[in-house]
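Encoded as structure tokens, the structure appears first; notes follow it.
The values are calculated or read from the model by the stated rules, or taken from the named source; none is laboratory data. Everything numeric in this text was worked out from a predicted model, so none of it was measured. Don't worry about glycine lacking a Cβ; one is built from the backbone with ideal geometry, like all the others, and counts go over all protein chains shown. These area figures cover heavy atoms from the full protein model, side chains too; ligands, DNA and RNA do not enter into them. Shrake-Rupley method; radii C 1.70, N 1.55, O 1.52, S 1.80 Å.
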Amino acid sequence: MRYLLAVVTSVILLDFSGVKAFADVSYADLFLAGRGYKPVEETRSEKPTTPRSSSGSSIPDNPLYKEWCTKTFRNGKQIYEAYKEIAFDIEYRSEPPKTDYWQTPVETRQSKKGDCEDSVFLFFSQLSELDIDGDVVWGWVVNKSDSIAFAHVWYQLFDKRGRAYIVEGFSKEWNGIIPEETITGTEKRVPTLMLRHVQIHRVADKMIPQFTESFEDEQFAWGMYLHNTTIIKNIFQKLQDMLTRYRLQVSQVSASIQQLALGN
């Protein structure tokens, strides 16, 4: 049974001695070509979707993949559209050292660039109002063959039968929704923090302020389970800041559209 807790935390007890860390490349650059998952033949319609830039380039369409998403997941059509955008419309961009700015979905869509958390929250933004069985996960990915490891953010999606999938962006292919069991032999994913899809906005509005205050007086109940609460606190603060800016941007866009409608 899937737990309905809003927040799930885990203690990191792995020994990362000898592990090589990479931060300037995406999961798609390092691993996805060899361990992605293509459930259907790669067919693209003759008519792409709406052009994505002034250069005339556009996001491709794949009717068979859309059909697979619809059969496999609840709200599969919306999941297909959300995945298509992060796979084909966004380029990976690493951040400068000691920089960790979380773009809002509006900013990522405008710049057409971002890193792993930017891709995840763009994906989430298209599905945020839907009842999706999924989680946003912060943690580490460790490649078992060469000890390559890097901090990562990914989306964990569950199908109609409860089978777990990992959603990865930046691939430019139809191979980024991957059954979790197909990659366990080649990599280990170590979650630091997991937030349920249906609870993310509630966590940002209600739990994060309480969580932050509890850090100050050291009375937060999770403290006994966590060795490094600073990491979790930093994630929560960045999440709250990003969602606050995102809501403001959405309201500004809505106001502009209303003004244009009135003007016409």
From the P(r) of the stretch 80-179, can you give the percent of Cα pairs sitting at distances over 22 Å? 29
When the Cα centres of the stretch 236-264 and the stretch 108-140 are compared, how far apart do they sit, in Å? 17
Using alpha-carbon positions, what is the distance between the centroids of the stretch 58-73 and the stretch 165-185, in Å? 15
Using the heavy atoms of the protein chains alone and a 1.4 angstrom probe, what is the accessible area of the stretch 48-153 per residue in square angstrom? 43
With only Lys, Arg, Asp and Glu charged, each at its Cβ (+1 for the first two, -1 for the last two), find how big the charge dipole of the stretch 99-139 is about the Cα centre; round to the nearest 20 debye. 300
Label points 7 Å out from Cα along the Cβ direction at residue 81 and residue 199: separation in nm? 2.8
Explain nothing, just the number: relative contact order of the stretch 67-120, from Cα pairs under 8 Å at least 6 residues apart, as a whole percent. 31
